[in-house]
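Right, one structure below, let's go through it.
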Amino acid sequence: MKKFNVTGTCIPSENYMVDISGKLEKIMKLIDDGCYFTINRARQYGKTTTLSRIHNTLPAEYICARISFEGLCDESFASQEKFCPTFIERIYTMLQFSSAEEEYREKWLDESITDFKKLSRHITKMCEGKKVVLIIDEVDRTSHNRVFLGFIAMLREKFLLRREGMDYTFHSVILAGVYDIKNIKLKLVSEGNYVPAETENKTYNSPWNIAVDFDIDMSFNPTEISTMLKEYEAENNTGMYITVIAEEIYKYTSGYPFLVSRICQHIDKKFEKNWTTAGVLEAVKVILLEANTLFDDVFKNLENNKELHDFIYSLLIVGETGNFVIDDPIISIGLMYGFLKKIGDRVAISNKIFETRISNYFISKDNRKRKQSDTTLQRDIVKDGRFDIELCLRKFADHYAEIFNDNDRKFLERHGRLIFLSYLRPLINGQGFYHIESQFTDLRRMDIVVDFGREQFIIELKLWKGDEAEKKSYSQLLGYMETKKAESGYLLIFDFRKEKNKQPKAEWVDVDGKRIFEVIV
């Protein structure tokens, strides 16, 4: 019996897998055309599995040398003398799993090769008359290394000479990692390093600028997710509505491969094959609370990059517009790490699970500075297994009035969403669940959906922009309530005008036959 896998390479005979034949077909076109390219995607985005599929589907006319730099110590990259034998040994070892004949494989071994000039001549000899595809995984762990960058600079020069009919080299080279090494700029000093002939003043920028753009979408769309569910259903006969479940999984994950498989894994193992929308939601709740390597990496990157941290905070908590600027390094890093996605001329958090999990991260940091909601308040709001959302909003209005003062006006205006989420989270924690529905057409607006027991509450957060904007807020909330088939909605408006102009409110409003509980603080 197959199983869902979220660690390491997925194996078709052992694991339920998404059919990525459409993506592989596009990649094969790049290989057939002799392209050099980098597959740079976020952690746990299926890169290694994709490389495995490429290796196993290449036609016999190709000799595939698929190696990885994972596990290599820094000593292997200390000098050309160390690197060249390591590289050759890895090629030799992996060729036994290719279409290469033993005699050809043995010829790769040559102990005399200790620098890039000799290695270049050796590659020429070994690639003449053959289509050798070089694949290097986990390449970015050494992308800062001077010796490795000298190596790819050598490959670049050989590629350019091949185009002029003056050299033989690898037919196609694929580098895989998180970072796109096309953008690396490094001063290569001639002493002890390979420097291409065209290098001027010993400076060589972008040593991988020969690479074509890799614009193939590696995320899974609902149709692709369905292929994995169909394979599962054929073995398990659960009676699931495959299209519905695929859409629901995509709704929370936006097709992030690890998250897609993790939801499926939890439903299969933890929730007794409850392949319903409720089962998907239960799996999402678990993911939002669990420790795993993906989120460890997310939080590490946020902690280590203050500019990225602040940009994500401004998008998610403050509600600032994330305009897409192609040359903005912070946006580029956010896209590279998989935190962001591009939507038209804007960027947004890449999926709902990231939205909620990263929000919780910011909330946890804030709660270390503030008092948590006390258990007495929780007992008032949660009674007999039901969440009193009206009382919660009334109590929040009282809480907000207590902490508000003119000296904190700028802070509160910027952090109002965080204050509410920090107030809400401990009240529903363990029994309920919330997620954020970002509104890309109005980024000063945030919809929060709270699931507690069998009930669902829709809360819209907005800034006060006048009476007309208030009426527009009713229409927007009604529209979202319609999609959720909800009879009641909740509107929380932050009013940062001077005290004498403010009109605090906490009352029910009837709008077009629906009920909205409006709170203005």
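The values are calculated or read from the model by the stated rules, or taken from the named source; none is laboratory data. The model shown is predicted, which means the values in this text are computed figures rather than measured ones. Heads up, the Cβs are rebuilt from the backbone with ideal geometry, glycines too, and the neighbour counts pull from every protein chain shown. Heads up: the accessible areas ignore ligands, DNA and RNA and are worked out on the full protein's heavy atoms, side chains in. Shrake-Rupley method; radii C 1.70, N 1.55, O 1.52, S 1.80 Å.
Numerical summary
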item: Helix 409-428 axis, angle to the chain major axis (alpha carbon atoms, nearest 10°); result: 90 degrees
item: Test item: Cα-centred dipole of the chain, Lys/Arg +1 and Asp/Glu -1 on Cβ, debye; result: 860 debye
item: Prolate/oblate/rounded call for segment 463-521, Cα gyration tensor, a/c under 1.5 rounded; result: prolate
item: Of 230/285; 82/341; 465/514; 285/365; 82/107; 3/365, those spanning more than 31 Å from alpha-carbon to alpha-carbon; result: 82/341; 3/365
item: Mean accessible surface per residue for the chain, computed with a 1.4 Å probe while every protein chain stays in place, in Å²; result: 47 Å²
item: Positive-end residue, the chain charge dipole about Cα centroid, Cβ charges, pick of 226, 521, 73; result: 521
item: Geometric extent, Cα atoms of the chain - Rg, Dmax (angstrom); result: 27.6, 89
item: Positive-end residue of 239, 347, 433, charge dipole of the chain with Cβ unit charges; result: 433
item: Shape category assigned to segment 261-381 from the gyration tensor of Cα positions, a/c cut at 1.5; result: oblate
item: 66, 454, reordered so the largest accessible area comes first (probe 1.4 Å); result: 454, 66
item: Portion, in percent, of the accessible area of segment 217-295 that falls on carbon or sulfur, probe 1.4 Å; result: 53 percent
item: Estimated [θ] at 222 nm from DSSP helical runs (n ≥ 4, -39500 (n - 2.57)) normalised by residues in the chain, nearest 500; result: -14000 deg cm²/dmol
item: Ordering of 120-128, 285-293 by burial proxy (mean other Cβ atoms within 10 Å per residue, highest first); result: 120-128, 285-293
item: If the convex hull is drawn through the Cα atoms of segment 1-88, its volume per residue in Å³; result: 144 Å³
item: Cα gyration tensor shape of segment 193-332, rounded if a/c is under 1.5, else prolate or oblate by comparing a/b with b/c; result: prolate
item: Percent accessible area from carbon and sulfur atoms, segment 1-138, protein chains only, probe 1.4 Å; result: 47 percent
